[in-house]
Amino acid sequence: MKTTTPPAMRSGSYHKGHVAEDLLRTARSLLDRETAESVSVRRLTREIGVTPANFYNHFSSVHDLLLQIAADSFVQCTRQLRYFQRNTVTRTDALKAALVEYASFAQRHPQTFRIMFGFVPNAISHKIYHNAAIQAFATLLEIVYGQKMLHLHDIEGTRKRARIGYGLCAMGHGLAMMLADGQLLFGKDPGQAQQEMIEGIIDAFIHNELHEALTRPTGRKA
């Protein structure tokens, strides 16, 4: 698996004051080369040459470390969404770019994608992770609606007012998972084909093709 993460540091190469950063960097490298299950206290501390006790000076558990990585990924996601907001002509263009990049990220970093969504039990109780995930989702809703839509004091109201946003998020996540798992096959130039498919699905949402399909008389050709 191709990785853009620096290789894991070895014994004797870490800086005494940078243990937390070295642990995170090494864990990211393992996620890009292996699986989330391969990240353990023993493995990480051996890679950078510190004792397991030193690990617990910085993280309460492996899950704590993994959720910090997931939170960092959500922060980067929010930055990317803000970039699309600023640098596209329309919000439709921004939404298309966001979901294409989301699917691409899931394929480039499938194990990081796993820890962002469901790998760690009760992740919502991790405050840093939860806040970062909420901010990314709130930014996506802003792209769709052109205004702030997520109000934490009124989650039920937000769900009613932002149903399309929730649906688009769920659709984008499902597509990303299917692409990351290799369930959707493409011929030549798969990157371009994936982009066209995602953009076409968004256009179908915009033009209400679902209503047209459901109200078409049975047996009539599309």
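Is it true that some residue in region 183-192 is acidic (Asp, Glu) and either touching a Pro at 6+ places or on another chain (Cβ under 6 Å) or under 28 Å from His109 (Cβ atoms) (or both)? Looking through region 183-192, at least one residue is acidic (Asp, Glu) and either touching a Pro at 6+ places or on another chain (Cβ under 6 Å) or under 28 Å from His109 (Cβ atoms) (or both). Which of the residues that make up region 118-133 are within 21 Å of Met177 (Cα to Cα) and surrounded by 15 or more Cβ atoms within 10 Å (Cβ to Cβ)? Selection gives Phe119, Val120, Ala123, Tyr129, His130, Ala132, Ala133. Contact map, region 124-152: residues that are in the same structural domain as Phe84 (by TED's automatic domain parsing) paired with residues that are of a type in the set (A, V, I, L, M, F, W, C) and assigned to a loop (DSSP other than H, G, I, E, B), Cβ distance under 6 Å, separation 6+ or inter-chain. Pairs shown: Ala138/Leu150; Leu141/Met149; Leu141/Leu150; Leu141/Ala162; Met149/Ala162.
Of all the numbered requirements in (1) surrounded by 15 or more Cβ atoms within 10 Å (Cβ to Cβ); (2) not in a helix (DSSP H, G or I), Ala106 misses one, and that requirement is (2).
Evaluating Gln195 against the criteria (1) surrounded by 12 or more Cβ atoms within 10 Å (Cβ to Cβ); (2) at pLDDT 95 or above leaves one unmet condition, (2). If you go through region 150-169 and keep only what is in contact with a helix residue (DSSP H, G or I) (Cβ under 8 Å, 6 or more places away or on another chain) and among the hydrophobic types (A, V, I, L, M, F, W, C), you end up with Leu150, Leu152, Ala162, Ile164, Leu168, Cys169. Hey, does region 138-151 have a residue that's surrounded by fewer than 20 Cβ atoms within 10 Å (Cβ to Cβ) and under 15 Å from the mean Cα position of the chain (by Cα)? Yes, the conditions are met somewhere in region 138-151.
Can you say whether Gly187 is surrounded by fewer than 18 Cβ atoms within 10 Å (Cβ to Cβ) and without any contact (Cβ under 8 Å) to a residue 24 or more places away in the chain, as far as the supplied structure shows? Yes, satisfied.
All conditions in (1) part of a helix (DSSP H, G or I); (2) of a type in the set (A, V, I, L, M, F, W, C); (3) more than 14 Å from Leu99 (Cα to Cα) hold for Leu184, with the sole exception of (1).
The set of residues from region 162-177 being more than 14 Å from Val100 (Cβ to Cβ) and part of a helix (DSSP H, G or I) comprises Arg163, Ile164, Gly165, Tyr166, Gly167, Cys169, Ala170, Gly174, Met177. Restricted to region 64-76, and to residues there that are of a type outside the set (Gly, Ala, Ser) and without any contact (Cβ under 8 Å) to a residue 60 or more places away in the chain, the residue that is surrounded by the most Cβ atoms within 10 Å (Cβ to Cβ) is Leu66. Residues that are among the β-branched types (Val, Ile, Thr), touching a His at 6+ places or on another chain (Cβ under 9 Å) and either in the same structural domain as Asn87 (by TED's automatic domain parsing) or farther than 25 Å from Tyr83 by Cβ (or both) do not occur anywhere in region 190-198.
From His153, His207, His126, His211, grab the single residue that is at negative phi and at pLDDT 95 or above. Don't jump to the end; show me each part of the working.
Numbers: His153 fails: at pLDDT 95 or above; His207 fails: at pLDDT 95 or above; His211 fails: at pLDDT 95 or above.
Testing whether each residue is at negative phi and at pLDDT 95 or above leaves just His126.
In the set (1) among the charged types (D, E, K, R); (2) more than 24 Å from Arg163 (Cα to Cα); (3) surrounded by 13 or more Cβ atoms within 10 Å (Cβ to Cβ), the condition left unmet by Glu209 is number (2). Are there any pairs, at least 6 apart or on different chains, whose C-beta atoms fall under 8 Å, with the first in region 39-57 and surrounded by fewer than 19 Cβ atoms within 10 Å (Cβ to Cβ) and the second among the small types (Gly, Ala, Ser), and if so, which? From region 39-57, the pairs are Arg46/Ser11; Gly49/Ser11; Gly49/Gly12; Gly49/Ser13.
The values are calculated or read from the model by the stated rules, or taken from the named source; none is laboratory data. Computed from a predicted model, the values in this text were never measured in an experiment. When we count neighbours, we look across all protein chains shown, and the Cβ atoms used for this are built from the backbone with ideal geometry, even at glycine.
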